Structure formats: C-alpha cells, structure tokens
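Notes for the one structure printed next.
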Amino acid sequence: MNTIQIIYTVLLTVSFVAMSGWLIMYLRVASSVRASISVLEGRDAPEPEGGWPGVSVVIPAHNEEDVIERCARSLMAQRYDRMQVVFALDRCTDRTEELLRAVIGDDPRFEVVVIDECPEDWAGKCNAAATGARRATGDFLVFTDADTEFDPDLVRSSIAIAIEREVDLLSILSTLSSARWDERIVQPVATMNLLRMHPIDSVNRRERPRAFANGQFMLFTRSIYERVGGHEGVHLDLLEDIAFARQVQKQGGRGIIVNADRMLNVTMYEGLRALCAGWKRIYIEVARRRPRRLINWGIRILVAGVMVPAVEVATIVFALLLVSRGGDALWSVLGTGVAAVALFLQFLSLGWIYRLGHAPLSGLIAFPIGSLIVGWIMFDGARDLLLSRPIHWGGREYVLKPD
C-alpha cells in the first residue's frame, strides 16, 4: 500500500465517522424541532377567562442611543391594553434619555427611571432591572433589552402561551440581525453552540428539564419572580437569565423557551469586536467559569466546524487522485460517496438550524470561518479566567475567578 492509499484510507475512515456523527446530529435537530414552540401560536389565542392580565415591561438600558428609539416605538405599537412600560436608564452618558423622551412623549403607559449609581456588589443590568421592577404593577413582568424590536402582537402572544401552558417563566429565542458579515457568519454558529449545551427539547420537557432562558425576553409571573427573590437573587451573575432559570427550577416553577419567528428582532452587537466580547461573557458564565470546559468546547467546535469538513473534502480529492493513478475504482467511489453523504447531512442539519433561527443560508458556506472565530472566543474566555483579565460589560469592569 503506497502513501496515497494510506492517507486515503485514514481520510475515508474519518469521513465514515463524520457521516455517522452528522446523521446523529440530524436526528437530534429533528427532535428539537418537534419540541420547539413558536410564539406565533399565541397570536390568535382567545381572551383568557377573566380577561387579559396586567403586564409590566421593564427595559434596563445603558448608553443605547443607537437603538432606543426603535425599541420604544415597537413597544408603543403593542396591541395590548393593560401594559405598563418602565425604562430604567443605567448611568447613561449619551443621548439615550433625550431620544427616548422625544419618542414616548406624554404616553401614560411609559415611565423613565434615571439611575446615577450602581452598588459595588451588583451587575449594572441587574440593578437597573431591579429598579424598574420596583415600579412594576402588572401580574406578569417582562424583562427585555433595549436592542430589541417587538412585533405589535408580541406581548399578547407571549402572555397567551404562558397562560395556556401554565408556565412561570417564558423566554424567547430572538431572531438576530443579519445585516453585517459577522452577524451572518458568526452569530448562527455561536447561537448553535449555545443551544447544543441547552437543547430546546431538554429545556421544554416536563420531567427533569434543563434550566435555560434568554435575557433578551423573559416573561415571569409576579409570584415566581418574587419567590426567587427578584433580581436581588441573581445580582452577582453576569448571565442573569440562566441564573433566573435555575432559581425558578429550584423553586418548583416551570420555564419554557419559544422561538420568536421574527416577532422579536434583536441587533445584539455593533461590530465583530463587541460581538466577540459579548459571546465570550456568555460562554464564560454558561461554562460556570471553568477554563477547562471552555477549552474542551473550543476544541469540539474546531473539530466539527473546521477539521471534519476539511477531511470530507480531502477524501473526495484523494479518491479522484487514487483513480487517476490506476487505483481501485470501487474503493474510490466508496470514499467519494461516504464523504459526499457526510457533507450532505452536514448541510442538511445546519440548514435546518439556520432556517429555524431565520439566519441566511448563505452563511453556511462560511461555517468553517464562523467556527474558527467561535473557537477562538472560547479559548480567549479560558485565557481571561486563567490570567484574571477583566471583563467589560454594562459600564463596569469585572475580574472573574475560575471555578
């Protein structure tokens, strides 16, 4: 057996393993899709017995002049009568307050709370949300971000689903912006890896669910919010959404996550640097500040997103090279077929995930590039923990200690 045959045999073996792995991935995605709930399901729900409950929407905001007007207008357009909106402005130094007040005018549903200081032992966003929550009067509380845009029926639809399914915490997987190249290439890979750690079907099942929530939209019943201690109970967490989900579960409450299907649109970050910093913070907290876990996750995404596709393509190349040199044609056809099926299953599985999140399918072509960047984010997060490098978030600097 010559060198080309040896290399080809190794590549074929890896491609066969990859084909099996992508088949499992496809079946796993199918299971998650079957368990997924769309917020659209609540759009035409009838009025509950006793009428629609009061809802308070709280929006903590820190220097959000670029997005605050869009957020406010979408909330003003809500088709929901019993709604109170509280904007909690956290130490803003830009034109956020000026632009916000110009949009909402004298609308009696809206209130603006200006916060000048943040306690040393609180994360800024948590302090702002807690301040806003103290003004809330509704039976349900919604916490959302300033970079969100609500469909006019979003509040009504989410309330309807929460009541129908008798849940204490309803969170929404937002539809992310895909205007910039980094949003098209990196965001879907980053989101997919987060959901791999918290599969939708595992979160929504009734027996032994996995605790998970998305802080871009969290709808609480007032009773569960107060039972977990409100934001004071998670005030030291930089990822308060998952901390809330864990607390709700500990208190015997039920949380679910639903798909936005374009009813909640979000522009998370202003550029690649901010995107990397934001996702790094998320991954550090999801990993519970364990560097080794981040390193393992980074290796996994690099293997699945970069090395495996490269091996699949190389298998086809070496199969053609083997035939051109008089090798066994059937052996070459086998390798080509296995690699082609592996690539097909990869694109089928990833395409399903991209469509579920309304991410552009064009980003699939650059999936290896997105995987490289996400892998680097995870490695950089591990390095921050090991070297005690500060994390900047919400107008404050944090030095996180590894667990």
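The figures follow:
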read-out: Average projection area in nm² (convex hull over Cα atoms of region 93-169, one quarter of hull surface); value: 6.8
read-out: Intensity falloff of the chain expressed as log10 I(q)/I(0), Debye formula with alpha-carbon point scatterers, at q = 0.07, 0.10, 0.11, 0.12 Å⁻¹; value: -0.37, -0.70, -0.83, -0.96
read-out: Filtered GluC sites (Glu not before Pro), region 1-96: DSSP coil and at most 10 other beta carbons within 10 Å; value: Glu49
read-out: Relative frequency of Cα-Cα separations exceeding 18 Å in region 269-391, percent; value: 63
read-out: Mean Kyte hydropathy of 1.0 or more with a Cα span along the axis of at least 27 Å, helices from DSSP in the chain; value: 3-35, 329-356, 367-387
read-out: Using a Förster distance of 41 Å, the FRET efficiency for Thr93-Leu348 (Cβ separation, nearest 0.05); value: 0.30
read-out: Value of [θ]222 nm, deg cm²/dmol, for the chain, DSSP H segments ≥ 4, -39500 (n - 2.57) each, nearest 500; value: -16500 deg cm²/dmol
read-out: Rounded D (µm²/s) - region 188-256, Kirkwood Rh over Cα pairs, Stokes-Einstein at 37 °C, 0.692 mPa s; value: 262
read-out: For region 200-311, convex hull of alpha carbons as volume per residue, Å³; value: 160
read-out: Radius of gyration, Dmax [region 157-229; alpha carbons; angstrom]; value: 14.6, 43
read-out: Relative contact order of region 49-172, defined on C-alpha pairs under 8 angstrom at six or more residues apart (%); value: 39
read-out: Packing rank of 82-90, 13-21, where each peptide gets the mean count of other beta carbons within 10 Å, highest leading; value: 82-90, 13-21
read-out: Candidates Ala123, Ala35, Ala260, ranked by Gaussian network fluctuation over the chain, Cα under 10 Å, top entry; value: Ala35
read-out: Neighbour cut-off at most 15 other Cβ (10 Å), DSSP loop, trypsin sites (Lys or Arg not before Pro), region 311-403; value: Arg325
read-out: Along principal axes, Cα extents of region 1-128, largest first, whole Å; value: 82, 44, 29
read-out: Distance in nm between pseudo-label sites at Glu41 and Arg262 (7 Å out along the Cβ direction from Cα); value: 2.1
read-out: Equivalent ellipsoid dimensions for region 128-198 as semi-axes, Å, which come from the Cα gyration tensor, largest first; value: 27, 16, 13
read-out: Computed over region 3-67, the ratio Rg/Rh where both radii use C-alpha atoms and Rh is Kirkwood; value: 1.39
read-out: Estimated FRET transfer efficiency when R0 is 60 angstrom, pair Ala77-Val317 (beta carbons, to 0.05); value: 0.65
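Every number in this text was worked out from the coordinates using simple rules, so none of it is lab data. Because the structure is predicted, anything quoted here is derived from the model rather than measured. Here the Cβ is made from the backbone with ideal geometry for all residues, glycine too, and neighbour counts use every protein chain on show.
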